[in-house]
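What follows draws every value from the coordinates through simple rules; no lab data is involved. It should be emphasised that the depicted structure is a prediction, and the values quoted were computed from it without experimental measurement. We place every Cβ from the backbone using ideal geometry, glycine too, and count neighbours over all the protein chains shown.
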Amino acid sequence: MKNKLINIKIFTLILILGSFLLGTTKANAQNVSIGIFPPIMQMDTTPPANVNADFYVQNQSDASVDFNIVFKPFKPANNKNGEIEIIDNIASFPDPLFINRIKVLDEGEPIKTLTIGPKQTQKLVLEVSLPPNEQKGDYYFTVFFVSKPLSSLKSNSTLASATIGMNVLLTVGPKGKTEGGIARFETPFFVNSGPIPFKVEIANRSDHFFAPSGEIIIKNMLNKEKGRVKLMPVNILSNSTRYIPDIIQANIESEGYKKIAEAVEDQSFPVAVFPQKFFLGIYTATLNISLEENGPTFTKSITFFAFPITYLLTIFIVLGIIVFIVLRVRKKIN
Amino acid sequence: MNMAKALFLIILPLVYLTLYLGSSYAQTMSNSTYILQMGNLNSFAGKPTGSGYKLGFTGGQTGANLFTGANYKVRAGFQYIKSIIPFSFSLSSVFIDFGVISPTSPVTRTNTLTVSFGSAHGYQVTVSQNRNLRANASGNEIPPTTCDAGTCTTTTAAAWTSSLVYGFGYRCDNVTGTDCNTDFSTSTFYKQFIASPSAVSVMSSSNVGKNRRGQITYKVNVSGTQPAGLYTNIINYIATPTF
């Protein structure tokens, strides 16, 4: 009886220890996961104005994250795909003192640092105060949230810091005349089959950014319309050019995107894609684009020739096999 | 009595296990005319106003909003992207521990970068270092690698396989998507880290996407003459959406 009791006690002890082991939380190397919404603010203003715009910063990590808040101007990167290039010289703004007019507010108070608890979202306000005499022009800047790295000198190591940014495109008006045009509209002259990629590059020579709208109309040699490609109204910054993709690419989950995915991903720059696969003959593609809602508008046409070699080769091979079989059968019969 | 004690000891861990079960949470928003129980990503909304502007904003449900007035027009988010995915960026680890580095025995460590950018049409992650790996006490440094042929730089990748080539460098391998810089398409290619405030692109995409992952491999190798010390530095990753 005594032995039985001892056994029960040992079993119970093991069970308790086991339960502690099972209950222990998983230990992970410290990660950082941060988010921001919206990713962009586009502001058209006429001073004086005191714009306050809400945005949200998320800490999706398992631990608190300390941030420094930094503003930096940017310009479009040379690859013309909408990526930015940070400029470290704040004086590059039309108004060198403009940086002083931007603040991030937390419950009405300007902040330069921020701590967000694990799995928390922090609502903040971006305030831009423009005096009546603010220098007109475009101001492009990014609001950065820079996570502070750990401090550890216990071993040979590298500490990683994660930073996330929200881009702000601010126009201080009155705006000048909208100027620009079609810098490039190209497709391969000879195509075997679709989808057909079009390289569409639009230039902005204005003092302000705009988001042009437009489409490509494809017609065959009988002047019959075969289809249209609606372009994505992406922002083109002042005195720059940008490649324009088609609107289908705004939703990569869509069935439409699946049809053009390969053609999109084959290119190292954004393209507008006409999804049709079979083409035969001479086609004309006409690009119509309006730089802003009220123009100006531009049109350019290009021609390409399509000959479905792959389809025809397949047909010839199948026909050849049939003829071969027929001849063999006839020969045997004879 | 003994039996009761034994039963108690069995029940105790069961209670303990039960207490360890995770809790579930729910958010409820309400006013006089509605009650909204939230089980999805719709986590914030609002319409801030002021004297010279008005801005509407909804996070989670729609991608963007447009508001106009006498002397302003504000668009929050991209008008053509209807996404509930915030622009987010993750590092799987913020502490890259090389441990003891022995001469001519390269040490490699990895961490994973994840970018979700459904609400933005494209993104870029740049990387830079605050300084070379340095022992603060002595000021000695492990220099950037120049790779096997002495040709890799902060912008050009090259093969680094020899254990007799020393320094510190990195490479990026695609895990999900194909967003790592194409300079790293050969598996032995490495680059030097560039010094801040300059930065170079390590991952990018000009298309909408979510959960694009790249694995960064850090490699360090020292010669027998490298002075002993505790070598550290900071690597900065900056994720920005396209405009």
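Observations on the model:
- For B:93-104, mean number of other protein chain Cβ atoms within 10 Å: 5
- Bins of 10 Å, starting at 0 and running to the largest distance - Cα pair percent for region A:186-246: 19, 44, 25, 11, 0
- FRET efficiency estimate (nearest 0.05) - Cβ-Cβ, A:LYS148 to A:SER193, R0 60 angstrom: 0.65
- Looking at region A:88-146, the GluC sites (Glu not before Pro) that sit in a DSSP loop and have at most 10 other Cβ atoms within 10 Å of their own Cβ are A:GLU107.
- Global form of region A:63-141, assessed from the alpha-carbon gyration tensor, a/c cut-off 1.5: oblate
- Electrostatic tally near A:SER157: other residues with Cβ closer than 13 Å to its Cβ, Lys and Arg +1, Asp and Glu -1, net +2.
- Summarising the label geometry, the points placed 7 Å from Cα in the beta-carbon direction at A:LYS332 and A:ILE315 lie 2.9 nm from one another.
- Maximal additional length on extending the B:SER223-B:SER138 stretch stands at 28.9 nm, based on 0.36 nm per residue less the C-alpha distance.
- Within a Gaussian network of chain A (alpha carbon springs, distance under 10 Å), most fluctuating of A:LYS226, A:LYS72, A:LYS136: A:LYS226
- Between A:GLN120 and B:ASP173, the simple spin-label model (points 7 angstrom out along Cα→Cβ) gives 3.8 nm.
- Descending semi-axes in Å of region B:155-195, equivalent ellipsoid built from Cα gyration tensor: 20, 12, 8
- Average partner coverage of A:242-255, which counts Cβ from other chains inside 10 Å: 3
- Relative contact order %, chain A, counting alpha carbon pairs below 8 Å whose residues are six or more apart: 15
- Out-of-range pairs (alpha-carbon distance over 27 Å; input A:LYS177/A:LYS226; A:LYS258/B:LYS210; A:LYS226/B:LYS73; A:LYS154/B:LYS219; A:LYS177/A:LYS300; A:LYS219/B:LYS82): A:LYS177/A:LYS226; A:LYS226/B:LYS73; A:LYS219/B:LYS82
- Estimated FRET transfer efficiency (A:LYS224, B:SER105; beta-carbon r; R0 60 Å; 0.05): 0.30
- Kirkwood Rh in Å, taken over all unlike Cα pairs in region A:180-312: 15.2
- Rounded, prolate or oblate (a/c below 1.5 giving rounded, otherwise prolate when a/b exceeds b/c) for chain A by Cα gyration tensor: oblate
- As a calculated quantity, the FRET efficiency between B:THR151 and A:ASP266 at R0 = 45 Å, using C-beta atoms, amounts to about 0.95.
- Three-way shape call for region A:125-222 based on the alpha-carbon gyration tensor, with the a/c threshold at 1.5: oblate
- Kyte-Doolittle at least -0.5, axis length at least 18 Å by Cα - qualifying DSSP helices, chain A: A:2-23, A:309-333
- Note on chain A: with a GNM built from Cα contacts shorter than 10 Å, the maximum mean-square fluctuation among A:PHE307, A:PHE141, A:PHE93 falls on A:PHE307.
- The mean number of Cβ atoms from other chains found within 10 Å of a Cβ in peptide B:110-117 is 2, as a whole number.
- Cα-based equivalent ellipsoid, region B:88-241: semi-axes from gyration tensor eigenvalues, Å: 28, 16, 13
- Highest mean first, the peptides B:228-235, B:214-221 sorted by other C-beta atoms within 10 Å per residue fall in the order B:214-221, B:228-235.
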